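What follows is a structure written as structure tokens; I'll ask about it next.
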Amino acid sequence: MGTMNGAQIMAQSLKQQGVDYMFGIVGFPVQGVAAEAQKAGIRYVGMRNEQAASYAAHAAGYLTGRPQACLTVSGPGVIHAFAGLANAKENCWPMILIGGASPVYQNGMGGFQEERQVELAAPYCKYSHAIEHVNRIPYYVNQAVRHSIYGRPGPVYLDFPDDIIRGECEEEDVLEVATVPEPPRAQADPDAIEQALSVLESAERPLVVVGKGMAWSRAEDEIREFVERTQLPFLNSPMGKGTMPDTDELSVGAARSTALREADVVFLMGARLNWIMHYGLPPRFNKDVRVIQLDIQPEEIGTNVPAEVGLVGDGKAIVNQLNRALDNRQWFYPAETAWRTTLKEKADANLATVQPMIDDESAPTNYYRAFKDIVEWLPDDAYIIGEGANTMDIGRTQMPNVHSRHRLDAGTYGTMGIGLGFAVAAAVVNPDKPVVSVQGDSAFGFTGMEVETMIRYNLPVKMIILNNGGIGGRMGSTDTPARGEPQPPGNLIYGARYDQMVEGLGGKGWYVDDPADLRGALDAAMAHDGPTLVNVVLDPKAGRKPQEFGWLTT
Ligand code: ADP
Ligand code: MG
């Protein structure tokens, strides 16, 4: 038996625990950790900013069902990655951040990039710990993995000091630990299951809301059976999209505001009544709405609106319980009800409102006309990444998802800049699937240099930028102001050639300033076997269809 160093033990522990991907940036003191990870069979992806690497890690965690790793240098590297840690915490997605740290024997001396990383990570984490002994690395990795996927999933932090990384111990002294099994799938109280079905039977205007907690729990087959048997109208949350196909005739996504406002019973499945769901409060919800709530986190039940029935446990297990309980009932929600008619009429009216924008062929184009071509071109099995204010909001309504966990966006934390990191993760985890990212020009800019990462690894991501030369909309003229002239704070370069930036790095780009050319560019991009960017210039005044409620109204 020989000796092993900390980097080797870490790499083998991660691999043992099913951590197959590591996204990061090397430097002091973690260079060797990435190299050992590769030797252990972990796919290492070197990125350009720790922010994007930390976004990639938790998207990969959500997609694979196992926490994946982000590796950073000490101090500033760790701080940059907190962006992803916080986003993962808010989204309830797992990841392991492994932060290099200055050597323990220099603690407090003002060492190179010395920082109180364990304390600083704690508020964004389920578990934050320093590794203190080389031979106990497997213990901490086991703890980290378990904390990240048991109960409500979330991020964890491991502090990995230089002297532990380089420290050695005898192979036989390395602690042996168990591989963390899949989390046990807890079932709900059987009485609550019956009660939930009885409340649904008593509803006049029922609505099922499917959130990303259900997508995480891989409950798509159970939910499909439940919806097919009960015939209940459903609404997918932004990243719950696809858990039930958006194209299903029971989807009321096209009448979202009406469905939420007028439902008398809402069955919330793995979705929170936070800002995305308008807190479950008037005027966006009926003040007397009765709530059935399914969540893995007991204290989530009753948040903002008391729940009449709480179903605590795993989404997949509980919907399966509901389906078994339905065997003893002859009930389904009838085909012809005033509620279905209301929802259908509202959906038709909403479609009629946007149709003129879809049909508008003028150049430069608007969002709806651009999405018309994108939707017709988009493969059914594509991973769709969307971000940017209007680009994301309109894109969500226009681009259907038919598979679960195929939509990744700014999420619960509303983080702009996640797009390219998420796209890298989707492409690395699913090398045989199309990955399409539709971003605003502002969103693209946050981590635009990850284009180099995509090109370096030849990840065939199809990027589309809906480019209105601004954050939100562009104010005033589209001309570039003279030097020294004040500019509206939200303005960016109008017509900026992000397509040329991609070409300069070795990818392929198209510049589209007339909607007549869009479909041709998209087809050429799909035919190209590598990263591409289609840069679509928008009318700077283009926006959303008139909304019943302003943004963020409660
Ligand atoms: P959305 O944004 O789609 O509405 P949220 O992120 O607000 O979804 O809510 C997801 C909820 O799902 C969280 O409250 C989380 O605790 C819950 N959740 C996570 N994993 C599971 C699971 N396996 N089973 C049931 N609920 C889960
Ligand atoms: Mg913009």
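Would the range 307-319 turn up any residue that is of a type in the set (Asp, Glu), surrounded by fewer than 17 Cβ atoms within 10 Å (Cβ to Cβ), modelled with pLDDT of 95 or more and within 18 Å of Ala263 (Cβ to Cβ)? It would help to see each step written out before you state the result.
Let us first name the residues in the range 307-319 that are of a type in the set (Asp, Glu), namely 308, 314.
Filter once more, keeping what is surrounded by fewer than 17 Cβ atoms within 10 Å (Cβ to Cβ): 308.
This time we only want the ones that are modelled with pLDDT of 95 or more, so: 308.
Remaining after also requiring within 18 Å of Ala263 (Cβ to Cβ): 308.
Checking the range 307-319: at least one residue is of a type in the set (Asp, Glu), surrounded by fewer than 17 Cβ atoms within 10 Å (Cβ to Cβ), modelled with pLDDT of 95 or more and within 18 Å of Ala263 (Cβ to Cβ).
Any chance you could count how many residues in the range 400-429 are open to solvent by 30 Å² or more (accessible area, probe 1.4 Å) and more than 16 Å from ligand 2 (Cβ to nearest atom)? Working first, answer last.
If we filter the range 400-429 for residues that are open to solvent by 30 Å² or more (accessible area, probe 1.4 Å), which is where we start, we get 400, 402-403, 405, 413-414, 416.
Remaining after also requiring more than 16 Å from ligand 2 (Cβ to nearest atom): 400, 402-403, 405, 413.
Summing the residues that are open to solvent by 30 Å² or more (accessible area, probe 1.4 Å) and more than 16 Å from ligand 2 (Cβ to nearest atom) in the range 400-429 gives 5.
So which residues in the range 343-363 are without any contact (Cβ under 8 Å) to a residue 40 or more places away in the chain and of a type in the set (Lys, Arg), if there are any at all?
Matches in the range 343-363: none.
Another question, if that's okay. Out of the range 86-100, which residues are assigned to a helix (DSSP H, G or I), among the aliphatic types (A, V, I, L, M) and in contact with a strand residue (DSSP E or B) (Cβ under 7 Å, 6 or more places away or on another chain)? Lay out the reasoning, then the answer.
Filtering the range 86-100 down to residues assigned to a helix (DSSP H, G or I) leaves 86-91.
Still in the running and among the aliphatic types (A, V, I, L, M): 86, 88.
Answer for the range 86-100, where residues must be assigned to a helix (DSSP H, G or I), among the aliphatic types (A, V, I, L, M) and in contact with a strand residue (DSSP E or B) (Cβ under 7 Å, 6 or more places away or on another chain): just Ala88.
At pLDDT 95 or above and buried (at least 24 other Cβ atoms within 10 Å of the Cβ), is that true of Gly388?
On the way: at pLDDT 95 or above: no; buried (at least 24 other Cβ atoms within 10 Å of the Cβ): yes.
No.
Right, here's the next one. Working only within the range 505-522, note down all residues that are assigned to a helix (DSSP H, G or I) and open to solvent by 70 Å² or more (accessible area, probe 1.4 Å). Working first, answer last.
Initially, the range 505-522 is screened for residues assigned to a helix (DSSP H, G or I), giving 505, 515-522.
Once the filter is applied, which keeps residues that are assigned to a helix (DSSP H, G or I) and open to solvent by 70 Å² or more (accessible area, probe 1.4 Å), the range 505-522 yields Ala516, Asp517, Arg519.
Under 8 Å between Cβ atoms, which residue pairs at least 6 apart in sequence (or on different chains) link something in the range 463-484 that is of a type in the set (Lys, Arg) with a partner that is within 13 Å of ligand 2 (Cβ to nearest atom)?
Listed pairs, sorted by first residue: Arg474/Asn468; Arg474/Pro488; Arg474/Gly490; Arg474/Asn491; Arg474/Leu492; Arg474/Tyr494; Arg474/Pro540.
Moving on to the next point. In the same structural domain as Met214 (by TED's automatic domain parsing), over 27 Å from Val402 (Cα atoms) and basic (Lys, Arg), is that true of Lys316?
No.
Are any residues in the range 190-203 in contact with a strand residue (DSSP E or B) (Cβ under 8 Å, 6 or more places away or on another chain) and surrounded by 12 or more Cβ atoms within 10 Å (Cβ to Cβ), and if so, which ones?
Within the range 190-203, the first condition is being in contact with a strand residue (DSSP E or B) (Cβ under 8 Å, 6 or more places away or on another chain), and the residues that meet it are 192-193, 195-196, 199-200, 202-203.
Once the filter is applied, which keeps residues that are in contact with a strand residue (DSSP E or B) (Cβ under 8 Å, 6 or more places away or on another chain) and surrounded by 12 or more Cβ atoms within 10 Å (Cβ to Cβ), the range 190-203 yields Ala192, Ile193, Gln195, Ala196, Val199, Leu200, Ala203.
Pairs under 6 Å by beta carbon, first residue modelled with pLDDT under 95 in the range 211-231, partner within 11 Å of ligand 1 (Cβ to nearest atom) and open to solvent by 40 Å² or more (accessible area, probe 1.4 Å), six or more apart or different chains?
Listed by first residue and then by second, the contacts come to nothing, as the list is empty.
Another question, then. Name the helices (runs of 4 or more DSSP H) wholly within the range 367-467 that hold at least 2 residues that are assigned by TED's automatic domain parsing to the domain that holds His528 and within 16 Å of ligand 1 (Cβ to nearest atom)? Show your work before the answer.
Details: elements: 367-377, 389-398, 419-429, 441-446, 450-456.
Once the helices (runs of 4 or more DSSP H) in the range 367-467 are filtered for at least 2 residues that are assigned by TED's automatic domain parsing to the domain that holds His528 and within 16 Å of ligand 1 (Cβ to nearest atom), what remains is 389-398.
Another question about this same structure. For the range 62-85, give me each residue that is out of contact with any Asp or Glu (no Cβ under 6 Å at 6 or more places or on another chain), in a helix (DSSP H, G or I) and open to solvent by 10 Å² or more (accessible area, probe 1.4 Å). Before the answer, list the steps.
If we filter the range 62-85 for residues that are out of contact with any Asp or Glu (no Cβ under 6 Å at 6 or more places or on another chain), which is where we start, we get 62-71, 73-74, 76, 78-79, 82-85.
Next, only the ones that are in a helix (DSSP H, G or I) stay: 62-64, 76, 78-79, 82-85.
Once the filter is applied, which keeps residues that are out of contact with any Asp or Glu (no Cβ under 6 Å at 6 or more places or on another chain), in a helix (DSSP H, G or I) and open to solvent by 10 Å² or more (accessible area, probe 1.4 Å), the range 62-85 yields Leu63, Thr64, Pro76, Ile79, Phe82, Ala83.
For the range 338-359, which positions are more than 17 Å from Thr397 (Cβ to Cβ) and not polar (S, T, N, Q)?
Narrowing the range 338-359 to residues more than 17 Å from Thr397 (Cβ to Cβ): 338-342, 345.
Correct list: Ala338, Trp339, Arg340, Glu345.
Now a separate question. Name the residue that is surrounded by the fewest Cβ atoms within 10 Å (Cβ to Cβ), counting only residues in the range 230-251 that are of a type in the set (Val, Ile, Thr) and under 22 Å from the mean Cα position of the chain (by Cα).
Looking only at the range 230-251, we keep the residues that are of a type in the set (Val, Ile, Thr), and these are 230, 243, 247.
Next, only the ones that are under 22 Å from the mean Cα position of the chain (by Cα) stay: 243, 247.
Values: Thr243: 32, Thr247: 12.
Selected residue: Thr247.
Name the residues in the range 452-478 that are closer than 24 Å to Leu533 by Cα and more than 23 Å from the chain's Cα centre (by Cα), would you? Let's see the steps before the verdict.
The first filter runs over the range 452-478 and keeps only residues closer than 24 Å to Leu533 by Cα, leaving 452-474, 478.
If the condition is that a residue be closer than 24 Å to Leu533 by Cα and more than 23 Å from the chain's Cα centre (by Cα), then Arg456, Asn468, Gly469, Gly470, Gly473, Arg474, Thr478 are the ones that fit.
On to the next question. Only one of these is of a type in the set (A, V, I, L, M, F, W, C), open to solvent by less than 70 Å² (accessible area, probe 1.4 Å) and in a loop (DSSP other than H, G, I, E, B): Val141, Val180, Val145. Name it. Show your work before the answer.
Numbers: Val141 fails: in a loop (DSSP other than H, G, I, E, B); Val145 fails: in a loop (DSSP other than H, G, I, E, B).
Residue meeting the stated conditions: Val180.
For the range 101-132, how many residues are part of a helix (DSSP H, G or I) and either among the hydrophobic types (A, V, I, L, M, F, W, C) or buried (at least 16 other Cβ atoms within 10 Å of the Cβ) (or both)?
Of the residues in the range 101-132, the ones part of a helix (DSSP H, G or I) are 104-106, 117-124.
From the residues that got through so far, the ones that are either among the hydrophobic types (A, V, I, L, M, F, W, C) or buried (at least 16 other Cβ atoms within 10 Å of the Cβ) (or both) too are 104, 117-118, 120-122, 124.
Total meeting the criteria: 7.
The values are calculated or read from the model by the stated rules, or taken from the named source; none is laboratory data. Bear in mind the structure is a predicted one, so any value in this text is a computation, not a measurement. Virtual Cβ from ideal backbone geometry, glycine too; neighbours counted across all protein chains shown. These area figures cover heavy atoms from the full protein model, side chains too; ligands, DNA and RNA do not enter into them. Shrake-Rupley method; radii C 1.70, N 1.55, O 1.52, S 1.80 Å.
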